[in-house]
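The values are calculated or read from the model by the stated rules, or taken from the named source; none is laboratory data. Computed from a prediction, not measured in an experiment: that's the story for all the values here. Cβ placement follows ideal geometry from the backbone for every residue including glycine, while neighbour counts extend to all protein chains displayed.
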Amino acid sequence: MRISVIGCGHLGAPHAAAMAELGHEVIGVELNPATCRVLQSGRGPFFEKGLDDLLQKYVPTGRLRFTGDLMEAAEFADLHFIAVGTPLREDGRGYDMEQVFGAVSALAPLLTRPCTIVGKSTVTVGTVARVQEIIADRAVDGVDLVWNPEFLREGHAVEDTLHPDRIVAGVSSAEAQKAIEAVYAPILGRGDVELIVTEPATAEVIKSAANSFLATKISFINAMAEVCALAGADVKTVAHAIGVDHRIGHAGMRPGIGYGGGCLPKDLRAFTHRLDEIGATNAVALLQAVEGVNRGRVDAAVELVKEAVGGSGLAGVRIAFLGAAFKAGTSDVRNSPALELARRLVQAGARPVVHDPEAMETARRLHPEHTYADTLAEALDGADVTVLATEWPQFGEDTELPASAARTVAARRLVDVRTCVDPRDWVTAGWTVWQLGRPVRSPQP
């Protein structure tokens, strides 16, 4: 099929590359000239595993190309994915839908033949009805709408697009369903992925409900970490034991400093705001509690760092601060709990030196107030305490970091606020290890 992807950010660029991998001819529309040039050169404008490989594979062949000209995409494609951003409004509550409505309003008059518009952006419940009105007012007859929400994990967006656990399609007609079945035919043909066909309004709610549940699960295990800290219990064992129950599962049950990034914080707030508008008071109370637990995890992490340096305050304490991205596998620092923790430590008088394997350029540009180290060795040099704030494999289990870092730090104190290391390896190398919701581990005399 001939496909366009309108909006080539964290959602659109991986989706366009994955569609080319599935065998489609793809044109990506990106209005930021600098981003468009980078993509057309065969590189991603941000770190996303597998993205550069697919860009370098298909851009030179012409199967995948990028442009800033929406007319070119309208003339070329038979199916148009809308993948523009939906940031929070300035009041921090509902979504700013300007880009979605703007993209559809600009595209619809340019369409001269029957085709399908497929919405992928995360939107406010009730958006699809407005999009359908725009199409009816501005497009020729025969333009159908499908709402096809994404369920991607940043850092795994390409993999999740090519190997999803389900495909949700809110369709407005039988022809629209045929179009979505055709575009995903290479995936559906494997027989291991369910296509859930519903109406567009239900597809909207499925996306918001899914992200709200993920946020609830993360906040739940972080609430249990608080319980374990007070009770002298081990939250990692608690998480493992309850995760064995197949109704619960282990995914998302790692305690830490909370969720971040461009999806969960935004989606939870926007969904909560919309539920408040329609009067779902019990759901609102639940989601507000989830967000409250998440906010409190950075407070708990600050207290743990204070405990690690003796509880006498953080003034002048040099911290090797490992991790700036909101999670491993991405260069995204939006709503990063790691950088929020770094900010709070600075406020307490500490001197964190931040290092991240992939997010340094983005972090420096968006958060120049922090001190950064280009190398891990530079960050560790002379540190009074090491804070592990993003779960990169370079820092976590199965690395040589405990032994190598021991030679350069001033004190062998590790505060792992992501609960991602096996403390035994660090203790063997002479470190004392603090983790949220777990007993302190120290070398035996």
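Can you find a residue that is under 22 Å from GLU358 (Cβ atoms), at pLDDT 95 or above and not assigned by TED's automatic domain parsing to the domain that holds LEU275 anywhere in the range 58-77?
Step one: filter the range 58-77 for residues under 22 Å from GLU358 (Cβ atoms), giving 59.
Keeping just the survivors that are at pLDDT 95 or above gives 59.
Narrowing the set further to residues that are not assigned by TED's automatic domain parsing to the domain that holds LEU275 leaves 59.
Yes, some residue in the range 58-77 is under 22 Å from GLU358 (Cβ atoms), at pLDDT 95 or above and not assigned by TED's automatic domain parsing to the domain that holds LEU275.
Which of the residues that make up the range 133-161 are in contact with a strand residue (DSSP E or B) (Cβ under 7 Å, 6 or more places away or on another chain) and over 15 Å from PRO114 (Cα atoms)? I'd like the intermediate steps shown before the answer.
First, the residues of the range 133-161 that are in contact with a strand residue (DSSP E or B) (Cβ under 7 Å, 6 or more places away or on another chain): 135, 143-149, 154-155, 157-158.
Correct list: TRP147, ASN148, PRO149, GLU154, GLY155, ALA157, VAL158.
Here is a list: VAL354, VAL440, VAL417. Which entry is touching a strand residue (DSSP E or B) at 6+ places or on another chain (Cβ under 6 Å), surrounded by 16 or more Cβ atoms within 10 Å (Cβ to Cβ) and either over 18 Å from LYS306 (Cβ atoms) or in the same structural domain as ARG295 (by TED's automatic domain parsing) (or both)? Break it down stepwise before answering.
Working: VAL440 fails: surrounded by 16 or more Cβ atoms within 10 Å (Cβ to Cβ); VAL417 fails: touching a strand residue (DSSP E or B) at 6+ places or on another chain (Cβ under 6 Å).
After ruling out the rest, the residue left standing is VAL354.
Only one residue in LEU304, LEU339, LEU322 is at pLDDT 95 or above and within 16 Å of the chain's Cα centre (by Cα). Which one?
Values: LEU304 fails: within 16 Å of the chain's Cα centre (by Cα); LEU322 fails: within 16 Å of the chain's Cα centre (by Cα).
Going through LEU304, LEU339, LEU322 in turn, the sole match is LEU339.
Where in the range 350-433 are the strands (runs of 3 or more DSSP E), entirely inside, with at least 2 residues that are more than 20 Å from the chain's Cα centre (by Cα) and farther than 27 Å from ARG334 by Cα? Reasoning before the result, please.
Working: elements: 351-355, 385-388, 413-416.
Result: empty, no element qualifies.
Enumerate the pairs (first residue in the range 179-197 and under 12 Å from LEU162 (Cα atoms); second residue anywhere and surrounded by fewer than 12 Cβ atoms within 10 Å (Cβ to Cβ)) with beta-carbon separation below 7 Å, excluding pairs fewer than 6 apart on the same chain, so at least 6 apart or on different chains.
Close Cβ pairs satisfying both conditions: PRO186/GLY23; VAL193/ARG166.
Restrict the check to the range 244-255 and report whether at least one residue is in contact (Cβ under 8 Å) with a residue 24 or more places away in the chain, in contact with a helix residue (DSSP H, G or I) (Cβ under 8 Å, 6 or more places away or on another chain), of a type outside the set (Lys, Arg) and buried (at least 19 other Cβ atoms within 10 Å of the Cβ).
There is at least one residue in the range 244-255 that is in contact (Cβ under 8 Å) with a residue 24 or more places away in the chain, in contact with a helix residue (DSSP H, G or I) (Cβ under 8 Å, 6 or more places away or on another chain), of a type outside the set (Lys, Arg) and buried (at least 19 other Cβ atoms within 10 Å of the Cβ).
Within the range 87-102, does at least one residue satisfy the condition of being small (Gly, Ala, Ser), at pLDDT below 95 and in contact with a strand residue (DSSP E or B) (Cβ under 9 Å, 6 or more places away or on another chain)?
Step one: list which residues in the range 87-102 are small (Gly, Ala, Ser), which gives 92, 94, 102.
Now restrict to residues that are at pLDDT below 95: 92, 94.
Narrowing the set further to residues that are in contact with a strand residue (DSSP E or B) (Cβ under 9 Å, 6 or more places away or on another chain) leaves 94.
So far as the range 87-102 goes, yes, one or more of its residues are small (Gly, Ala, Ser), at pLDDT below 95 and in contact with a strand residue (DSSP E or B) (Cβ under 9 Å, 6 or more places away or on another chain).
Testing VAL183 on (1) touching a Cys at 6+ places or on another chain (Cβ under 7 Å); (2) among the hydrophobic types (A, V, I, L, M, F, W, C); (3) within 30 Å of SER331 (Cβ to Cβ), one condition comes back false. Which one is that?
(1)
Go through VAL118, VAL128 for me and flag whichever is of a type in the set (A, V, I, L, M), buried (at least 21 other Cβ atoms within 10 Å of the Cβ), modelled with pLDDT under 95 and closer than 23 Å to ALA210 by Cα.
Values: VAL118 fails: modelled with pLDDT under 95.
The match here is VAL128.
Would the range 226-234 turn up any residue that is touching a Lys or Arg at 6+ places or on another chain (Cβ under 7 Å), among the acidic types (Asp, Glu) and either assigned by TED's automatic domain parsing to the domain that holds ALA338 or more than 28 Å from LEU366 (Cβ to Cβ) (or both)?
Looking for residues that are touching a Lys or Arg at 6+ places or on another chain (Cβ under 7 Å), among the acidic types (Asp, Glu) and either assigned by TED's automatic domain parsing to the domain that holds ALA338 or more than 28 Å from LEU366 (Cβ to Cβ) (or both), one finds at least one in the range 226-234, hence yes.
Examine the range 102-112 for a residue that is out of contact with any Leu (no Cβ under 6 Å at 6 or more places or on another chain), in a strand (DSSP E or B) and in contact (Cβ under 8 Å) with a residue 60 or more places away in the chain, and state whether such a residue exists.
No, the range 102-112 contains no residue that is out of contact with any Leu (no Cβ under 6 Å at 6 or more places or on another chain), in a strand (DSSP E or B) and in contact (Cβ under 8 Å) with a residue 60 or more places away in the chain.
Checking the structure you have, find out if any residue of the range 263-271 is touching a residue at least 24 places away in the same chain (Cβ under 8 Å), outside any helix (DSSP H, G or I) and closer than 25 Å to GLU150 by Cβ. Give the steps one after another, and end with the answer.
Initially, the range 263-271 is screened for residues touching a residue at least 24 places away in the same chain (Cβ under 8 Å), giving 263-271.
Filter again for outside any helix (DSSP H, G or I), leaving 263.
Checking the rest, the ones that are also closer than 25 Å to GLU150 by Cβ come to 263.
Yes: the range 263-271 contains one or more residues that are touching a residue at least 24 places away in the same chain (Cβ under 8 Å), outside any helix (DSSP H, G or I) and closer than 25 Å to GLU150 by Cβ.
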